[in-house]
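Here is the structure we will look at, set down as structure tokens.
Bear in mind these aren't lab numbers, they're just calculated from the coordinates by the rules spelled out. This one's a predicted model, so the numbers in the text were calculated from it and none came from an experiment. No Cβ is skipped: glycine too gets one built from the backbone with ideal geometry, and neighbour counts run over all protein chains shown.
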Amino acid sequence: MTLQIDAAFDGGNILVQSVGDDSAELAIRPDADGPWFQWFYFSVRGATGRSLRLRIVNAGASAYPGGWPGYRACVSTDNETWTRASTAFADGVLEIRYSARTDTVWFAFFAPYDLARYQTFLDRATAAPHVTVSVIGQSVLGRPIHHVRLGAGPRQVWVIGRQHSGETMASWWMEGALDCLLNADDPVASALLKAATVHMAPLVNIDGAALGNLRGNAAGIDLNRQWREPDPVKAPEVAAVLAAMEKTGCDLSLDVHGDETLPHVFVDGCDHDPQATPTQAAGVRRFEAALMQASPAFQTRVGYDASYGGDQAAGMCNRALGRRFGAVGLTLEMPFHDCQEAPDPVAGWSPDACRLMGRASLAAILETLQAN
Ligand code: ZN
């Protein structure tokens with residue numbers, strides 16, 4: 001039996017060029033209508049006993065080729081628990097090697113988070129007391145954009161996830177944040193929900209998540225450049241979230257992402273915007289200091305410089321919400337690589353690490369609100 005390689009499922013992405021006895025030549029499919037690609041997610045069947053050699057031949061032309069050196073691909077034998085596989089990048093080709101002991105093995109750029117799991121997340125929120133889940137708009141392809149609202153405190157906190165659909169660490173972060181907020185015995189949750197109403201937009205680029213896109217939505221738009229004046233046709237996902245924010249206001253926003261290149265957790269803040277006020281800048285510093293206290297994985301030594309985003313920076317979520325609402329606008333970046341400050345030689349930066357960062361981030365948000 002020859003290897004069977006498949007990506008025809010939720011979030012799947014790979015093109016098969018050729019398959020041998022234990023090897024395959026593969027390519028990542030670019031985003032729908034967009035120029036970006038780096039997300040991959042596929043299964044290999046008929047793998048038992050084979051030393052797999054899977055070559056992604058267009059890796060060197062991907063959106064962030066600087067992310068491949070030192071990167072190790074995620075691998076799973078049950079599509080649930082993910083570890084890392086031996087991976088090398090040379091001459092533009094990413095080669096994954098794995099000795100399979102099961103018939104089916106899954107490979108992905110990061111631990112996937114599919115729409116079935118997202119539905120379970122929504123169901124948990126819906127069933128909880130004092131939580132409202134509403135549909136606030138539709139994606140380009142007509143999928144629902146959700147708003148999860150928790151608590152009734154006077155300050156308005158928005159957390160936003162997966163504008164870039166391939167950055168699945170944002171969904172794992174949302175699970176950790178929801179776990180914390182639904183735990184009545186958690187002192188961070190009770191204090192935060194007394195101080196603030198917490199609004200979650202957990203899966204902004206839901207079409208990209210279904211299609212297996214790295215970055216763009218179904219219209220090929222980078223949603224995190226759309227927050228100043230979202231195009232209602234090409235970026236209805238952002239238009240929907242922004243319209244909901246107009247009704248609630250926004251004192252602090254945390255937009256959760258993954259960075260393809262840097263092996264660190266870091267923040268990019270609205271203080272990089274020349275229009276930011278000293279109060280907003282102080283809020284960013286306060287959040288960073290509090291997150292350093294709350295998590296050994298966080299650091300402030302490495303991150304983006306102030307010019308990140310270039311002439312499109314004003315359309316980024318943290319800048320645009322800073323200007324529109326006077327919010328402390330924050331972007332949290334987590335790695336696809338392992339995290340140098342909290343390394344895990346088996347799993348690398350992992351779903352569990354993202355969940356812990358979700359709770360730690362809420363603790364840092366609470367401290368920021370108490371000071372500002
Ligand atoms: Zn991103």
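Side notes on the structure shown:
- Residues Glu25, Glu246 arranged by fewest to most Cβ contacts within 10 Å: Glu246, Glu25
- Inter-centroid distance (Cα atoms) of the range 299-372 relative to the range 48-113, Å: 26 Å
- Placing unit charges on each Cβ (+1 for Lys and Arg, -1 for Asp and Glu) gives the chain a dipole about its Cα centre, and among Ile14, Thr248, Leu214 the Cα reaching farthest toward its positive end belongs to Thr248.
- Ordered by the count of other Cβ atoms within 10 Å of each Cβ, fewest first, Trp173, Trp68 give Trp68, Trp173.
- Distribution of pairwise C-alpha distances over the range 115-371, 10 Å bins, in %: 8, 34, 40, 17, 1
- The trypsin sites (Lys or Arg not before Pro) of the range 1-110 that DSSP puts in a loop, and whose beta carbon has at most 16 other beta carbons within 10 Å, are Arg101.
- Length released on extending from Ala152 to Asp231, taking residue separation times 0.36 nm less the Cα-Cα span: 25.3 nm
- Using θ = phi - 60° in the Karplus curve 6.51 cos²θ - 1.76 cosθ + 1.60, the 3J(HN,Hα) couplings for the range 220-233 round to x, 9, 7, 5, 7, 10, 10, 7, 7, 9, x, 6, x, 8 Hz; x is entered for Gly and Pro.
- Charge-dipole axis of the range 115-371 as Lys and Arg at +1 and Asp and Glu at -1 on Cβ define it, positive-most pick from Trp349, Ala290, Gly303: Ala290
- Neighbour counting of Cβ atoms within 10 Å sorts the residues Thr300, Thr120, Thr104, Thr87, fewest neighbours leading, into Thr120, Thr300, Thr104, Thr87.
- Computed from the alpha carbon positions, the gyration tensor of the range 12-159 leads to an equivalent ellipsoid with semi-axes of 36, 19, 14 Å, biggest first.
- Among the trypsin sites (Lys or Arg not before Pro) in the range 276-371, those placed in a DSSP loop whose Cβ has at most 15 other Cβ atoms within 10 Å are Arg301.
- Using C-alpha pairs under 8 Å with a sequence gap of at least 6, the mean separation divided by the residue count of the range 4-108 gives a relative contact order of 29 percent.
- Spin-label proximity, Arg301 to the range 43-86 - amide N less than 20 Å from point 7 Å beyond Cα toward beta carbon: 70-71
- Other residues lying with their Cβ under 11 Å from the Cβ of His272 contribute a combined charge of -3, Lys and Arg counting +1, Asp and Glu -1.
- Beta-bridge orientation, the chain: approximately 65 percent antiparallel, per DSSP, counting only bridges with both partners inside.
- Rounded to the nearest 20 debye, the dipole magnitude of the range 194-238 is 180 debye, with +1 charges on Lys and Arg beta carbons, -1 on Asp and Glu beta carbons, and the Cα centre as origin.
- Note on the chain: GNM, Cα springs under 10 Å; of Gln138, Gln163, Gln119, the largest mean-square fluctuation is that of Gln119.
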